[in-house]
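Presented below is the structure to which this report refers.
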There are 4 protein chains.
Amino acid sequence: MIRVGILGSTGYAGAELVRILLGHPDAKITIVTSRQYAGVSFSEVYPSMRGIMDIPCEEYHIDRIIKNTDVVFTALPHKLPMAFVPELIENNIKVIDLSADFRFRNVAVYEKHYQQHIAGRLSESAVYGLSEINSEMIQKASLIGNPGCYPTSLLLPLIPLVENKMVMTDSIIADAKSGVSGAGRSISLDTHFCEVNESFKAYKVSNHRHTPEMEENLSIAAKEPVQITFVPHLVPITRGMLTTIYANIVRNVSEADIRDCLESYYQNRYFVRICKEGAFPNVSNVRTTNFCDIGLKVDSRNNRIILVSAIDNLMKGAAGQAVQNMNLMMGLDERKGLESVPLPV
Amino acid sequence: MIRVGILGSTGYAGAELVRILLGHPDAKITIVTSRQYAGVSFSEVYPSMRGIMDIPCEEYHIDRIIKNTDVVFTALPHKLPMAFVPELIENNIKVIDLSADFRFRNVAVYEKHYQQHIAGRLSESAVYGLSEINSEMIQKASLIGNPGCYPTSLLLPLIPLVENKMVMTDSIIADAKSGVSGAGRSISLDTHFCEVNESFKAYKVSNHRHTPEMEENLSIAAKEPVQITFVPHLVPITRGMLTTIYANIVRNVSEADIRDCLESYYQNRYFVRICKEGAFPNVSNVRTTNFCDIGLKVDSRNNRIILVSAIDNLMKGAAGQAVQNMNLMMGLDERKGLESVPLPV
Amino acid sequence: MIRVGILGSTGYAGAELVRILLGHPDAKITIVTSRQYAGVSFSEVYPSMRGIMDIPCEEYHIDRIIKNTDVVFTALPHKLPMAFVPELIENNIKVIDLSADFRFRNVAVYEKHYQQHIAGRLSESAVYGLSEINSEMIQKASLIGNPGCYPTSLLLPLIPLVENKMVMTDSIIADAKSGVSGAGRSISLDTHFCEVNESFKAYKVSNHRHTPEMEENLSIAAKEPVQITFVPHLVPITRGMLTTIYANIVRNVSEADIRDCLESYYQNRYFVRICKEGAFPNVSNVRTTNFCDIGLKVDSRNNRIILVSAIDNLMKGAAGQAVQNMNLMMGLDERKGLESVPLPV
Amino acid sequence: MIRVGILGSTGYAGAELVRILLGHPDAKITIVTSRQYAGVSFSEVYPSMRGIMDIPCEEYHIDRIIKNTDVVFTALPHKLPMAFVPELIENNIKVIDLSADFRFRNVAVYEKHYQQHIAGRLSESAVYGLSEINSEMIQKASLIGNPGCYPTSLLLPLIPLVENKMVMTDSIIADAKSGVSGAGRSISLDTHFCEVNESFKAYKVSNHRHTPEMEENLSIAAKEPVQITFVPHLVPITRGMLTTIYANIVRNVSEADIRDCLESYYQNRYFVRICKEGAFPNVSNVRTTNFCDIGLKVDSRNNRIILVSAIDNLMKGAAGQAVQNMNLMMGLDERKGLESVPLPV
């Protein structure tokens, strides 16, 4: 039984980790921390959990973590994990960090878009936890920088095409749409029900901090620098992310070539599903699951590929992929604890 | 392994049965029928199921049912099951019917509110599948009339109080609110997104066919005829039902007495949770689960008890309770296949 | 042209006043105040208003108010208006206060449920602004305590029946459902999109501060003390309130009698519409309007009347009724500025 | 007083025309037709209209139309208007058709994407009713092909840039998102509340019939053939459309140049609002109004312009623009009847 600690357990990603891991056959949650709710039963913070998860949230104490956990998930705001993670790693605890702190191999890029990094060397040796792409490295890793939700939704459909030189890498445009839970549980006017309900907007237009994360990983796949245009939008739904990607096709590449490329790339990967011709994803088809559904069509009049991907931002976009990474790190089947059947509605 | 058939598998209740049973450790779906989609893969009807449930829907053939199933769930519109069920029972197949056809012991009441009954004698011997209330009878039953969603949400909080003579049975008023999936997957202007979104209304005011079902079971508990006032409302959410019940209290009964009554009545029943003092249910706390949460407060100025119950109308209000009944009938732990952890959001 | 000031203009009720009064043919907004946004253009707070309402919000200065306004609306949190209103009244400015501060004739009741009152004598002489009920007093008033949304939705259907002794006043139960804008624009976890969306709950069960406001006005109508049971619920919609009321009928009163009573009571009142037999209100039918729609049915088996009323909580439940009261106070047709046609969806 | 007839008055666009025209100071609705509801009061179809619009819907009779109308709006499905419109025009009735039947100057394009045209010559002489772009022609027209919602949202931001050669016309990509009312009031599984709520999807990917309509009008502006990539998406809101447009910039054109171009192009046009630098539209800011809000940003790393436009699909995208066109045709201020103040929420 893998003993698991969750730091920052009462945010939405942390609580989703709790939910998944309570149903995981080979893991046991031993510690949940929360600064805000220290001393309070988890089920008082989430009343749905009454009778299921009544243990108290506690403050972070390194000694208790060392004694009681094999794996720690950090579901904390950016900047906090880099303070905690080094001592966890030193004590041979495997860490999966859901913040941006360990997602960049190029620490200078992190520092440009976030803040100074106080554990830069550790960051350079961390593994970017895009499960299907980096699974071999993840299996050997002790520290995972778990991908952002937008990067996951973009990289899974694009990396196979970029690796195989099927699209013009200077033509990539991504128009992404996210549910509100991606903004977390903190309160603000931007997440007030009356401001979000019956609304739809673009935000951080061509200015979102997930862009450099996407570009670093596309560049690795392309073996050359890649720059993209990325515009996120906010959808008045709780869970779900749909990303529509446009790129010019390399000469003589057909829709069938692209379909073959994606299907063969992911043929043994349970959580990536390529839609049949003419079918496209809907976030409702992946809600509460760890699937990434991908649809595609070539606009032959303009010689462009259109890719559409759908994930649940709290699952494949955060906690689900984090658990998938834990499975890989611990030598388990990657599906363990992640096979809940999709809801019909 | 219990071999299960689901008749009417592509409606919302049928598809929810498919979802639950695919995750059930001791059951295996062998046949799913659908008149509308016969010959079509289940995952073409519900694309979320791609790779998970790809077997085709088929037409009803009694021979295939007899050969391949131990238990059949009928998730069909009222009136159809009474034509199919008798031959299933004759062939020693256990049946759990989700329509109203076998909910009434008094067939005359059914005939008054629905239509003529062509299997009336069978109906009289069926068991009303309110799992926590009738569990002993359910364990021995071969045919279950699975309760309606509104009756489940009302009877679980009220029956203990009525049995124990704590409320005036001529004073009961129930104001219920249901999500839209309760209306099923059939299309109509009443379920058009633009007509439901940002709307809220009462419907079938004091005229809903679930009223006699509630009254028959309250009367059994009270050992005298009980009549209630019942008004349902439609909430613009997909899943969930909240029922607020008002009744005058019998002299000298206190809030503590009522709390004690409910807590002791349900102390060993996993799926009924009594909220702590001052806390009340929210449908979001039970969404996708089989729980029924119950909150209560005495309005001491007016000597009335206020009970609030919350269920997921597709789970405890339909498919979840149906599987709970299957577990009881087959000698399994009633929780089997029904322990998915609640979603944080 | 009536010169109007709005104190607290950037909350939802204040902004709705701005919206209505910008379209009012006989009124002109001269001053809008906001502590939080002083110095900021109104259209920066509400970008929808760009090019329509670009004047800056300002701090409250009594001199500027005296010089520039004939009527002031106070859309401030409870407790603030009682500090400002006396000096406005002394300076012959008519005041319509949307808080609870001047709703109670019995100041002791206010003090029990809110806080100490520092302008109690003024409160005793204020007029409760339920437009259809108190129109004669309102026409002569200089200070209006504008009704709460829940009281408006309950009192309009009930007062005619209570005045005419048609219902048992000790049997009244009101089950009310409100959209989220009723909670205002302040941020809190309770109004976070992800906490409200797909949720439904009761709150302040039998404990809401609008209850004594309802009871004072029912008691005046009944000419005897009336106590009720009142339970509010939160609906995941932005605007709208539906209240379902239950009461036992006085002997020999029929549904036709009750219908006649309501229809004749409101026959000349444009904003109250009695639904035809068999029809019931939907909040979507009154959204963005000042209407109160009322439906009714007698549950003859139990000798109870069921009344259902629908209003837009920001309109008839707040800003719309406030403008209606201004019209009455200023000798205008009560409809002025309030005749926008309902939206089809 | 302009006497107005509305053919197809009970669909959402037709009912929105009714709503607007009831509030129009210079127009009077004399006839509303509906095949489905002939003989039924309009307020029985839309109960919100009780007391406001109680006249009956009627069948189409050319004699009654000739005798009683000066202007006719046809809010019918594609294919029907081309049968009715010729005889209306022959009788000197001005016609504004909301279907696609008269939107194309090139009838062959219509016939390729819709069906055979039986009034092709009339179509060639009709005016495309994009009010701000074609206002001079509209003022003289007797027949208007009122633009589709997607084309309106795309053409208003793009035409000034295309006319002024600021963007590479072979690089245009439009990613559009529409509320559900755009699909009309007809019932289908695609508009069932439970299928739309909490969902988000792309549809008709690179295959939508509005594409040739956009391309014809872009080509006219560019004075050369223009082809675009267009992908629509469905948002779970009732009203609103947001379109995000990407194009490569012509060498040496700056963000300031593009801003200047749009601001000067629309400086005297009330209904087009260019957002300030750093601000972007939200559909909630234009809901129930006739505004088109446009935001822009240059992604200078990739030398691309990003334009974001927001409209209410039933207003500027259908009925609102139709009334604006009527105003222009009849020599009225284009704002007449269209100045309702935006809702705060």
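So which strands (runs of 3 or more DSSP E) are wholly in the stretch D:262-339 and hold at least 1 residues that are aliphatic (A, V, I, L, M) and farther than 28 Å from A:Asn197 by Cα? If you could, list the steps in order and put the result at the bottom.
Details: elements: D:272-274, D:292-299, D:304-311.
Correct list: D:292-299, D:304-311.
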| message | Tally up the residues in the stretch D:181-196 that are crowded, with 23+ Cβ neighbours inside 10 Å and at the interface with chain A (Cβ under 8 Å from one of its Cβ atoms), please. | response | 1
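Kindly indicate whether D:Phe73 is among the aromatic types (Phe, Trp, Tyr) and closer than 20 Å to C:Asn282 by Cα.
Working: among the aromatic types (Phe, Trp, Tyr): yes; closer than 20 Å to C:Asn282 by Cα: no.
In short, no.
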| task | Please identify the pairs in which a residue from the stretch A:220-248 that is in the same structural domain as A:Met166 (by TED's automatic domain parsing) has its Cβ atom under 8 Å from the Cβ atom of a residue that is of a type in the set (Phe, Trp, Tyr) and open to solvent by 10 Å² or more (accessible area, probe 1.4 Å), counting only partners at least 6 apart or on another chain. | result | A:Pro232/A:Tyr203; A:His233/A:Tyr203; A:Leu234/A:Tyr203
| How do the pairs read when you match residues in the stretch B:190-202 that are closer than 14 Å to D:Thr238 by Cβ with residues anywhere that are of a type in the set (Lys, Arg), using Cβ under 8 Å and keeping only pairs 6 or more apart or on different chains? | B:His192/D:Arg185; B:Cys194/D:Arg185; B:Glu198/C:Arg239; B:Glu198/C:Arg287
| field | Close pairs (7 angstrom Cβ cut-off, 6 or more residues apart or separate chains): farther than 11 Å from A:Ala119 by Cα in the stretch A:72-92, buried (at least 24 other Cβ atoms within 10 Å of the Cβ) and acidic (Asp, Glu) anywhere | value | A:Thr74/A:Asp97; A:His78/A:Asp101
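Taking the options D:Ala247, D:Ala256, name whichever one is outside any loop (DSSP other than H, G, I, E, B), of a type outside the set (S, T, N, Q) and either under 25 Å from D:Asn207 (Cβ atoms) or at pLDDT below 95 (or both).
So the residue among D:Ala247, D:Ala256 that is outside any loop (DSSP other than H, G, I, E, B), of a type outside the set (S, T, N, Q) and either under 25 Å from D:Asn207 (Cβ atoms) or at pLDDT below 95 (or both) is D:Ala247.
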| request: Return yes when B:Asp299 is more than 25 Å from B:Gly23 (Cβ to Cβ), at the interface with another protein chain (Cβ under 9 Å from one of its Cβ atoms) and not hydroxyl-bearing (Ser, Thr, Tyr) and no when it is not. | output: yes
| Selection count, the stretch A:216-235, where residues are within 30 Å of A:Leu189 (Cα to Cα), over 18 Å from the mean Cα position of the chain (by Cα) and open to solvent by 10 Å² or more (accessible area, probe 1.4 Å) | 0
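Results for (1) farther than 19 Å from A:Gln321 by Cβ; (2) touching a strand residue (DSSP E or B) at 6+ places or on another chain (Cβ under 7 Å); (3) not polar (S, T, N, Q), shown as yes or no for each residue.
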{"position": "A:Phe73", "(1), (2), (3)": "no, yes, yes"}
{"position": "A:Lys79", "(1), (2), (3)": "yes, no, yes"}
{"position": "A:Asp97", "(1), (2), (3)": "no, yes, yes"}
{"position": "A:Val107", "(1), (2), (3)": "yes, no, yes"}
{"position": "A:Glu111", "(1), (2), (3)": "yes, no, yes"}
{"position": "A:Gln116", "(1), (2), (3)": "yes, no, no"}
{"position": "A:Glu124", "(1), (2), (3)": "yes, no, yes"}
{"position": "A:Lys140", "(1), (2), (3)": "no, no, yes"}
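Does A:Asp26 satisfy the criteria of being in contact with a Lys or Arg (Cβ under 9 Å, 6 or more places away or on another chain), surrounded by fewer than 18 Cβ atoms within 10 Å (Cβ to Cβ) and either in contact (Cβ under 8 Å) with a residue 12 or more places away in the chain or within 29 Å of A:Thr211 (Cβ to Cβ) (or both)?
Here the answer is yes, as A:Asp26 does meet what is asked.
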| query | Which condition breaks for C:Val107 when tested against (1) in contact with a His (Cβ under 6 Å, 6 or more places away or on another chain); (2) hydrophobic (A, V, I, L, M, F, W, C); (3) crowded, with 24+ Cβ neighbours inside 10 Å? | reply | (3)
| query | Do we find a residue being touching a Leu at 6+ places or on another chain (Cβ under 6 Å) and over 22 Å from B:Val71 (Cα atoms) anywhere in the stretch B:316-339? | reply | no
| note | In the stretch A:243-290, anything of a type in the set (Ser, Thr, Tyr), buried (at least 22 other Cβ atoms within 10 Å of the Cβ) and under 21 Å from A:Arg301 (Cβ atoms) is listed as A:Thr244, A:Tyr246
| task | Name every residue in the stretch C:284-298 that is closer than 8 Å to C:Met315 by Cα and of a type in the set (Gly, Ala, Ser), in order of residue number. | result | none
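Being on the phi > 0 side of the Ramachandran plot, open to solvent by 10 Å² or more (accessible area, probe 1.4 Å), within 11 Å of chain D (Cβ to nearest Cβ) and not polar (S, T, N, Q) is the requirement here; does C:Gly331 meet it? Before you say what the answer is, go through the steps one by one.
On the way: on the phi > 0 side of the Ramachandran plot: yes; open to solvent by 10 Å² or more (accessible area, probe 1.4 Å): yes; within 11 Å of chain D (Cβ to nearest Cβ): no; not polar (S, T, N, Q): yes.
For C:Gly331, the condition - on the phi > 0 side of the Ramachandran plot, open to solvent by 10 Å² or more (accessible area, probe 1.4 Å), within 11 Å of chain D (Cβ to nearest Cβ) and not polar (S, T, N, Q) - is not met.
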| message | Suppose we filter D:Glu44, D:Glu16 for residues that are open to solvent by less than 20 Å² (accessible area, probe 1.4 Å), within 30 Å of C:Arg269 (Cβ to Cβ) and of a type in the set (D, E, K, R); which single one remains? | response | D:Glu16
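Say whether the condition of being basic (Lys, Arg) and either within 11 Å of chain D (Cβ to nearest Cβ) or surrounded by fewer than 24 Cβ atoms within 10 Å (Cβ to Cβ) (or both) is met by at least one residue in the stretch A:314-327. Spell out the reasoning first.
Kept after step one, since they are basic (Lys, Arg), are these residues of the stretch A:314-327: A:316.
Keeping just the survivors that are either within 11 Å of chain D (Cβ to nearest Cβ) or surrounded by fewer than 24 Cβ atoms within 10 Å (Cβ to Cβ) (or both) gives none.
No - not one qualifying residue is present in the stretch A:314-327.
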| said: Among the residues in the stretch C:86-97, are any within 28 Å of C:Asn207 (Cα to Cα) and of a type outside the set (Ser, Thr, Tyr)? | reply: yes
| Any idea which of (1) within 13 Å of another protein chain (Cβ to nearest Cβ); (2) open to solvent by 10 Å² or more (accessible area, probe 1.4 Å); (3) out of contact with any Phe, Trp or Tyr (no Cβ under 6 Å at 6 or more places or on another chain) is the one A:Tyr60 doesn't satisfy? | (1)
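Mind listing just one residue for me: the one in the stretch D:197-214 that is more than 9 Å from chain A (Cβ to nearest Cβ) and in contact with a Gly (Cβ under 9 Å, 6 or more places away or on another chain) and, of those, most open to solvent (accessible area, probe 1.4 Å)? Reasoning before the result, please.
Step one: filter the stretch D:197-214 for residues more than 9 Å from chain A (Cβ to nearest Cβ), giving D:204, D:208-214.
Filter once more, keeping what is in contact with a Gly (Cβ under 9 Å, 6 or more places away or on another chain): D:209-210, D:213-214.
On the way: D:Arg209: 95, D:His210: 24, D:Glu213: 1, D:Met214: 0 Å².
Among those residues, the one meeting the criterion is D:Arg209.
Go through the stretch A:9-26 residue by residue and tally those that are under 20 Å from A:Lys94 (Cβ atoms) and either β-branched (Val, Ile, Thr) or away from every other protein chain (no Cβ under 13 Å) (or both). Before the answer, list the steps.
Residues of the stretch A:9-26 that are under 20 Å from A:Lys94 (Cβ atoms), as a first pass: A:9, A:13-14, A:16-18, A:20-22, A:24-26.
With the extra rule that they be either β-branched (Val, Ile, Thr) or away from every other protein chain (no Cβ under 13 Å) (or both), the set shrinks to A:18, A:20, A:26.
Of the residues in that region, 3 qualify.
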| remark: Matching residues in the stretch C:257-292 (away from every other protein chain (no Cβ under 12 Å) and either touching a Phe, Trp or Tyr at 6+ places or on another chain (Cβ under 9 Å) or not polar (S, T, N, Q) (or both)) number 10
| remark: Only one of D:Ile138, D:Ile172, D:Ile159 is of a type in the set (A, V, I, L, M, F, W, C) and more than 23 Å from D:Val308 (Cβ to Cβ), namely D:Ile138
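Check every one of the helices (runs of 4 or more DSSP H) wholly within the stretch A:125-243 and list those with 2 or more residues that are under 30 Å from D:Leu343 (Cα atoms). Please lay out each step first, then the result.
Numbers: elements: A:135-140, A:149-163, A:193-196, A:210-222.
By residue number, A:193-196.
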| Residues of the stretch C:82-122 classified as touching a Ser or Thr at 6+ places or on another chain (Cβ under 7 Å), among the aliphatic types (A, V, I, L, M) and either more than 25 Å from C:Val4 (Cα to Cα) or modelled with pLDDT under 95 (or both), total | 1
| said: Going residue by residue through the stretch A:169-177, is there one that turns out to be among the hydrophobic types (A, V, I, L, M, F, W, C), open to solvent by 30 Å² or more (accessible area, probe 1.4 Å) and modelled with pLDDT of 95 or more? | reply: no
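The values are calculated or read from the model by the stated rules, or taken from the named source; none is laboratory data. Bear in mind that the values here come from a model prediction, so they are computed numbers and not experimental data. As a convention, Cβ positions derive from the backbone with ideal geometry for all residues, glycine included, and neighbour counts pool all protein chains shown. Side chains are part of the model used for accessible areas, which takes the heavy atoms of the whole protein and leaves out ligands, DNA and RNA. Shrake-Rupley method; radii C 1.70, N 1.55, O 1.52, S 1.80 Å.
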